[in-house]
Amino acid sequence: MNSNKEVHAALRMAHADLVSQMRGGHWEGRLSSSALATATAISAFASYLRCGPANDPRRATIETQLHRALEWLVGQANADGGFGDTDKSKSNTSTTLLAIAAIKLANIAKDYSRVVAGAERFVESNGSIAGIRARYGRDKTFAVPILANAALAGIVDWAEVAALPFEAAFLPQSWYRFVRLPVVSYAIPALVAIGQAKFHFDPPANLITRWIRARARERSLRVLARMQPASGGYLEAIPLTSFVVMSLAQSGRAEFSATSRGLDFLLAAHRYDGSWPIDTNLATWATSLASLAVASATDFVETAPSLNFDWLLNCQHRHRHPFTGAAPGGWGWSDLSGAVPDADDTPGAMLVLKATEATWRTRPDSKSIERQIESGKRWLLGLQNRDGGWPTFCRGWGTLPFDRSGSDLTAHVLRALVAWRGESSRRVDRAVSRGLAYLDKQQRADGSWLPLWFGNQDNPDDENPVYGTCKVLCAFRDLKLLKSSPAQRAAQWLLRNQNADGGWGGGTSIRWSAAELGKSSVEETALATEIMTEFADRENFSGSMERGARWLVTAVRGGFHVVPSPIGLYFAKLWYYEDVYPLIFTVSALSRVAQLLKRAT
């Protein structure tokens, strides 16, 4: 077993590194640069330079950023000729096709002929257009924008791009689930912009249909403009905003307000090295996770940072959201205007407020904070799906990926509801009972659960059962259900799937310079080690937890606890990593191990 001294030393080091990233009483984090996001932004810039007004004073800046972005992008080509979402990601057809489109739209394909040729060979050998469609199935949220981007670059015929019903955008949001939109609920801007680009370049042959759709263009554009947040970035997402800008610019709408404001967002989000991340930041999410990790370490560190409660409280949405129609009360992933309330960040914020209750109860506005928590609880209770689970954004919007219930989301919500059961305990108890029934149905035969928002690129179908199983077991821990049959089966699954190096997860794409770390990832090892502390009274589990803790201590000693892995899975299977994830999870796990050792002495 690791000694108290070793664990405490590693915990203090990881804690100090995590606290050092705090700014203004919260954590902003840093998302990985993304070849996919960068490629789409290049296409947006190139489209605007080609079709936008010649007297736009931003043209020089756009051209400068475009060239820097191209230099960064071509440097991301992998040995197989393809492009991955991050610099740690395997090549995939979608990102590679978007990179080709970006280079061709920028009209410099001759300058990078080798890169383009290698990328084209990769796309062709991986099924080309059929490969992209197979990747996304019946969900057109990302497949259609990718093919539309390629069509705008002249490398795919517009006949390959499905027509999107942009006229459906001005229907009441509550009707979306009934009309069975071919994209997920939060992709309405892409539905409008790409749908209109398809209509512009490849109008329907039926004259009546063409007339009806033509009359719907202006009205749907007004919806698009109304949904645009103050930042100009739809969902704060670079790919989504880029698809809107390039589609509008090339379909004769370069001077439309949404095009211009989207362009400003892309200019502001551009990084010094020439790249873009997939999203501006995950500040609320990072702050919630980090705050809970720091709170768990209080007994083992000399000083603890002060959370900026006002910042966190101000992240709560107080009005019906114009993007999804979500009711007031939820928290989104960021404090920025493009964020949308969701069922992961809302319970995250509520759990932080529970962990820090003794501090904010002394504030003169504590009653107001109580009302905010109650509002968050009502928001979560109103979001529960008919299947008993919780979806990401809005109840009952369909079964497309990321608009359906998820085990990790459901587990997180259950923890928050139980923490703040309060006066509405009867309604909470019913919701919790239904949520547990959902989790019971979602548990796989081997005992594991799959998450919705995280993956592992080395696993079949990009699944990450370590993350999903650990998150569900955290809910069972908080609900005091670890002795239940589902929890015991899940713990056995974790025990069976511990790697030979003592860690969990990871795979062949992870290359540590320290041989003893093997192929495990910091994030997955920390998550599994933390939950294994709950089973440490059993011999086999105790040894498993010890090996996991030893792996983490070794990682911290070597400075590897700051090295992230691409386990984040954005919408439409888009990979990312976040610099603060390994730090947060390591602090949380080692705090639990330290508490266990303290009780044993």
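The values are calculated or read from the model by the stated rules, or taken from the named source; none is laboratory data. In this text the structure is predicted, and so the values were computed from the model without any measurement. Neighbour counts are summed over all protein chains in view; Cβ atoms, including those assigned to glycine, are modelled from backbone coordinates with ideal geometry. Note: areas computed on protein heavy atoms with side chains; ligands, DNA, RNA excluded. Shrake-Rupley method; radii C 1.70, N 1.55, O 1.52, S 1.80 Å.
Values computed for the structure shown
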| item | result |
| --- | --- |
| Measure of compaction for the chain (Cα Rg per 2.2 N^0.38 Å) | 0.97 |
| Stokes-Einstein diffusion coefficient of region 56-174, Kirkwood radius over Cα pairs, 4 °C, 1.567 mPa s, in µm²/s | 83 µm²/s |
| Dipole of the chain [Lys/Arg +1, Asp/Glu -1 at C-beta], most positive-end residue of Ala197, Ala589, Gln21 | Ala197 |
| C-alpha long axis of helix 485-496 to longest principal axis of the chain, angle in ° | 80 degrees |
| Over region 53-107: Rg over Rh, Cα atoms, Kirkwood Rh | 1.09 |
| Whole-number accessible area per residue in Å² for the chain, which is evaluated in the context of all protein chains at 1.4 Å | 38 Å² |
| Dipole moment magnitude, nearest 20 debye, region 27-87 about Cα centre, only Lys, Arg, Asp, Glu C-beta charged | 280 debye |
| Dimensionless Rg over Rh [region 254-328; C-alpha; Kirkwood] | 1.12 |
| Over the chain: helical MRE at 222 nm, DSSP H runs n ≥ 4 each giving -39500 (n - 2.57), nearest 500 | -17000 deg cm²/dmol |
| Highest average packing first - 352-359, 32-39, Cβ atoms within 10 Å | 32-39, 352-359 |
| 12 Å Cα-Cα reach of Lys198 towards aspartates and glutamates, excluding residues that sit fewer than 8 places from it in its own chain | Asp157, Glu160 |
| Dimensions (Å) - region 423-491, Cα atoms, principal axes, largest first | 45, 24, 18 |
| Segment Ser257-Ile212, length gained on full extension (0.36 nm per residue, minus Cα span) | 13.8 nm |
| Cα convex hull of region 392-512 - mean projected area over all directions, nm² | 8.8 nm² |
| Distance histogram in 10 Å bins (all Cα pairs of region 312-359, percent per bin) | 29, 53, 16, 2 |
| Thr359-Ala268 FRET efficiency (beta carbon distance; Förster radius 22 Å; 0.05 resolution) | 0.05 |
| Portion, in percent, of the accessible area of the chain that falls on carbon or sulfur, probe 1.4 Å | 50 percent |
| 0 to 90° range, to nearest 10: angle between helix 580-600 axis and the chain longest Cα axis | 10 degrees |
| Charge dipole magnitude, Cβ of K and R +1, D and E -1 - the chain, Cα centre, debye nearest 20 | 1600 debye |
| Percent of alpha-carbon pairs separated by more than 28 Å within region 299-448 | 22 percent |
| Approximate spin-label separation Ala205-Arg59, in nm, with each point projected 7 Å along Cα-to-Cβ | 4.1 nm |
| Of the chymotrypsin sites (Phe, Trp or Tyr not before Pro) in region 202-311, those whose Cβ has at most 13 other Cβ within 10 Å and which sit in DSSP loop | Tyr272 |
| Rounded tilt (10° steps) of 465-478 against the dominant C-alpha axis of the chain | 50 degrees |
| Hits among lysines - C-alpha to C-alpha of Lys480 under 20 Å, sequence gap 8 or more where chains match | Lys354, Lys441, Lys471 |
